[in-house]
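The values are calculated or read from the model by the stated rules, or taken from the named source; none is laboratory data. Because the structure is a prediction, the values reported are computed rather than measured. Note: areas computed on protein heavy atoms with side chains; ligands, DNA, RNA excluded. Shrake-Rupley method; radii C 1.70, N 1.55, O 1.52, S 1.80 Å.
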Amino acid sequence: MSGDRIRIFDTTLRDGEQSPGCSMNLAEKLTLGRQLERLGVDVIEAGFPIASEGDFEAVRAVARELRETQVCGLARTASADIERAARALEGAARPRIHTFIATSDIHLEHKLRMSRARVLEEVDRAVREARRHCDDVEFSAEDATRSDWDFLVEVFGAALRAGASTLNVPDTVGYTTPGEYAALIRHLLARVPGIDRAVVSVHCHDDLGLAVANSLAAVLAGARQIECTVNGIGERAGNTSMEECVMAVKTRPEVFRHLETGIRATEIYPSSRLLSSIIGIPVQPNKAIVGDNAFAHEAGIHQDGVLKAAITYEIMTPQSIGRPSNELVLGKHSGRHAFRDRMLELGFTLEGDGFEAAFRRFKDLADKKKVVYTEDLEAIAADVVVASDDRFVLGDVAIVAGTFATPTATVEMVVDGAERKATALGVGPVDAIFKAIATLTETKSELVRYQVNAITGGMDALGEVSVTLSEDGRRMIGHGAHTDILVASGKAYVHALNKLEWHKRQRARSEPRGI
Ligand code: KIV
Ligand code: ZN
C-alpha cells in the first residue's frame, strides 16, 4: 500500500512527553491534542495507557474529544497492556492500538530474556488480541535497526498474518544511517509476503542527528508513515522533527516524487509555539523551520539579496508555516470576543473560570503595556491551562532589595486550599522569594537552572523566567511570565513545584513504563 500520501503519526504526547522536562498534565495534553488535529496529523499517539493512571486518563480524554484524527494508545505485547489501551480508547471515533516488542538479539538476551521463537509467538498473540478490540492495529519491532534482517522478515510476516495494518520499523537508539535504513525498508518490502497490504512506517531517534534524514530516505524507499514529534522533542536527543520532514517534502516535490502529507503547513508555527509554551522549553534559535533565526538574514549580502528578491536566499516563506511578524494582536480596548478568537487561533480553548482568569490577566497586562503580542497571550494562556489541578497557588509577593537592605521577600500562597504567608531573607531577591516559597510548600527541591528572557521587545516587555528544579533525581522545568521578573520568578518556581508534585502523584499510582 504505497500510494502518494505520507501519513504523519504524531507521538509528541507519548515519545515526546517521555523526555526529561517535557511531561504534560491532562489539560495540557488535551490542548495540544486539539492543535495537532487542527494541524492535520493523521494519527496522534496520546500515551501509553498502562504506564500510569495519568497516561490512561490522558489517552481517554484525547480519544473522547477528537473526531477527525485517529487516536492511538501504546501497549507492550502483554495482554494487560493491550486490554488497558483498548479501555482507554473506548470513546474514540477512530482508535488504533499500537503494540510493540523488541526484536534485536541485544534486547532479547539482556532485556526480554526470550528466544526468537517466543518473540514470534508474542507478536502473533498480541496482534490478534489487539484486533479483537480494534480494526486498526500497528505493530512495531523495537530496535529494528539493530535486529537481524531475516528475523525482521519473519516478525513482520507474523504481525501481518495476525491482522496488523501498519508495520513500524523503529530506529530506537538512533543508530542507523540514511542509506542503510533505506536498504532495510527495501529489503522488507521485497521479502515480507503480503506487505503491500500494509503501511510501512518509520520511527527514528536523533542520537546521531540523522532522524529526519533517515525518515526521508525511508520514504524514498517506500515507507508511507513517518512517526515524529513537534519541535523534534523526545527520548535523549529527540525524535524525528515533524516540521522538518513536512517542509522538506513540500519544498522539494521533485525529489520526493510529488508525495504529499495532510499537514496544514500554516499551523506548523502555532503548534511549535504552543508546545514550547506548555512545556516551558524554548526552541533553539537556529532550529530549522521554527527557530527564531530560521528566517533571519544577518549577513549584509544576504539582506541585500532578500530585499531585491526573496527567492535569492529564501527557499520557503515564514508565512507558509504560519509565522506572524511580531504583530500587535490585541490592545486594552479589545473585548472578550476578540480575546477568545485570538486564543483559539493560538490553540487555547479556554472555558469558564479558566477563560475569566486569562481575560483578567490580559486586561491587567494591556493596562500596563501599550501593546500585547502573540507571545504575551501564549504566556497568559499557558499559565491558566497549567493551573487546573495544582497543589500550590502563588498569591501576592512583596520584595525589599537593593544596596541598602538585606534582600527580603514576603510571599502569600494557597497550599492545598489553605492560605499561608512567610517572609525569608536571601543573598538576592530571587533567592529570598524561592526560600519563602520552599518554606510555605515544605519542599526540598534543588535549583538546577534559572533563566530570564524578555518575551517581547521594549522596556515594558513581559519577562519570562524558566526554572529547573530537581527532586529525587527527577527534573522539572517551570515557567512564569510577568512584567515584574521577580514575580515571574516566583511563578516559575511554583510551576516547577506543581509539576514535581503532579509527578509524585502519578508515580504513586503507576507501573513502570518498561521502555
Ligand atoms: O523508539 C521506539 O522504539 C519506540 C517504540 C515504542 C515504537 O518508541
Ligand atoms: Zn521511540
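Remark: C-alpha extents of segment 389-506 on the principal axes read 41, 30, 25 Å, sorted largest to smallest. Applying the Karplus relation 6.51 cos²θ - 1.76 cosθ + 1.60 with θ = phi - 60° to segment 390-398 yields 3J(HN,Hα) values of 7, 6, 10, 10, 7, x, 7, 10, 10 Hz, where x marks Gly and Pro.
Here Lys111 is the anchor, and the lysines within straight C-alpha reach of less than 29 Å, apart from those fewer than 8 places off in the same chain, are Lys504.
Pair-distance distribution of segment 38-172: all C-alpha pairs, bin width 5 Å, starting at 0; shares per bin in whole percent are 2, 12, 21, 22, 19, 13, 7, 3, 0. Residue-normalised convex hull volume from the C-alpha trace of the chain: 158 Å³ per residue. Pairs over the 20 Å Cα-Cα cut-off, from the set Lys332/Lys491; Lys250/Lys287; Lys421/Lys499; Lys369/Lys435; Lys363/Lys435; Lys332/Lys368: Lys332/Lys491; Lys421/Lys499; Lys369/Lys435; Lys363/Lys435.
In the chain, the longest principal axis of the Cα atoms and the axis of helix 211-220 are about 40 degrees apart. Applied to segment 170-181, the Karplus parametrisation 6.51 cos²θ - 1.76 cosθ + 1.60 on θ = phi - 60° returns per-residue 3J(HN,Hα) values of x, 9, 4, 9, x, 10, 7, 10, x, x, 5, 5 Hz, with x for Gly and Pro.
The listed residues Arg113, Arg224, once ranked by accessible area (1.4 Å probe) with the largest placed first, stand as Arg113, Arg224.
Karplus-derived 3J(HN,Hα) values for segment 439-453, using 6.51 cos²θ - 1.76 cosθ + 1.60 with θ = phi - 60°, are 5, 5, 8, 6, 10, 10, 7, 9, 7, 9, 8, 9, 9, 10, 9 Hz; glycine and proline are entered as x. In the full protein context, the chain carries 42 Å² of accessible surface per residue, based on a 1.4 Å probe and ignoring ligands, DNA and RNA. For the chain, with all protein chains in place and a probe radius of 1.4 Å, 51% of the accessible heavy-atom surface sits on carbon or sulfur.
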